[in-house]
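Working notes, beginning with the structure itself.
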């Protein structure tokens, strides 16, 4: 199977999993394995860093459409189903002893129910029960029988924000007020050592008195104690609202909830989350590699101060965000009060830093660190030989065309030996192939044209530098932002080459080798930093 085919199959399986988890539908484990038998190992790594069957699928099986509650249990009289998800089904019920309506979240226990799901359900109840705050949906009681595990909560008829967004974006001030409430609740949870990890419009409920409360601590994690419910590297949450560190490595801290609050506020004022793609895997890749479009560009009614607050929440690094959910709530209150907010739009210098530091299409690039140095060495050796040849001959065109041929033949040989194919294997490589194939094809035509009008070897090297500069600047748009700098330096290097031929080929080859070595080293070190960050957060 080609890499393109494998990636497409992983995306399809991921989409099926996340959609089933949201709907609470059963996925038969054996049928799922048969359907995706070719990528079982990949799915295990993507979803849990552990055993796909024992950890991921039972979470979906915990809530099944066929499960129906008893008519009554104790003093609970069950009514209609009002919601479902990966961690249970929620029913409207009447608590007869107190004559009040309640919501009951329930898992029906069976042989297919994984112990991790039951323990996570208990942890959700304990996490919510230890928190007493007007902006957190409380747990009234927890019921566990041999056949049932249930959590009883107040019934709120207002619905969640996801339903409210179906009518379109909210007015900016209303959205800010809602997120202030949620941020206060989240700050209370953080103060008690609980990270929510799944803040999104669907987990925020609007009360009749206008309050917003955060619900569903099913993916919550304690800062103080390792519950054992999350494997190393496991990615949990909703992709469109995940922080970059959460989507890229599974590492989470309070800053991930601050990001999710900003992503929720973004969705409330724009009508859609900061990142949304055709599949969960593609969405997480956008979260990791791209900067969101500013809300004001999508909705001009968003005030500049609120835009600045949202973008501060969505900083790629936790250090760029608010230090706490409480600080976010305070700044949003300043916005509502008409006072200057603490968040400021990034300076021009910071925007340049962000542009140069971005790493796009990491997965497509990760296997190229070694080959890039090899390619750089090949370019250097060929241009060193061209420099030597120039000392013995005044004609530069034939040696130059021969050098181009050697580079093309060696590249073809290495690629075929390494991958078994000459062409691109994924969308990232297709972009690289298109751009740099055009560069390699343009060079001999430029050489012939310059020789025809009797231009010097230095002038040919200058044109070669100009074409390389344009190539690296274009590459920066879909790869590492540092390629912009490399492209600019190649453009600068073309100026002296136009006037001085001696040493031009040697300098050009050396700069190619240096550039590809830096790109290769940066790719390797960035991967190491991501791994280290993940371990620190765990």
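Brief remarks follow.
- Using a cutoff of 8 angstrom between alpha carbon atoms and counting only pairs six or more residues apart, the relative contact order for the range 72-154 works out to 24 percent.
- Least to most buried among 383, 290 (fewest other Cβ within 10 Å first): 290, 383
- Likely footprinting exposure, 328, 516, fewest C-beta neighbours within 10 Å first: 516, 328
- Taking 241, 445, 497, 142 and counting other C-beta atoms within 10 Å, the order from fewest to most: 445, 142, 497, 241
- Label-point separation in nm, residue 277 to residue 132, each point 7 Å along Cα→Cβ: 4.6
- Per-residue packing, averaged as other Cβ atoms within 10 Å, sorts the ranges 477-490, 164-177 into the order 477-490, 164-177, beginning with the highest.
- The range 72-154 shape via C-alpha gyration tensor axes, a/c threshold 1.5: oblate
- Overall form of the range 362-536 per C-alpha gyration tensor (a/c, 1.5; a/b vs b/c): prolate
- Anisotropy class of the range 250-331 from Cα gyration tensor, a/c 1.5 cut: oblate
- Relative contact order for the range 161-343: 25 percent, from Cα pairs under 8 Å spaced at least 6 residues apart, divided by residue count.
A short reminder: the numbers here are calculations on the coordinates, not readings from a lab. The shown structure was predicted, so the numbers you read here are calculated from the model rather than taken from an experiment. Cβ sites come from the backbone with ideal geometry, for glycine too, and all protein chains shown count toward neighbours.
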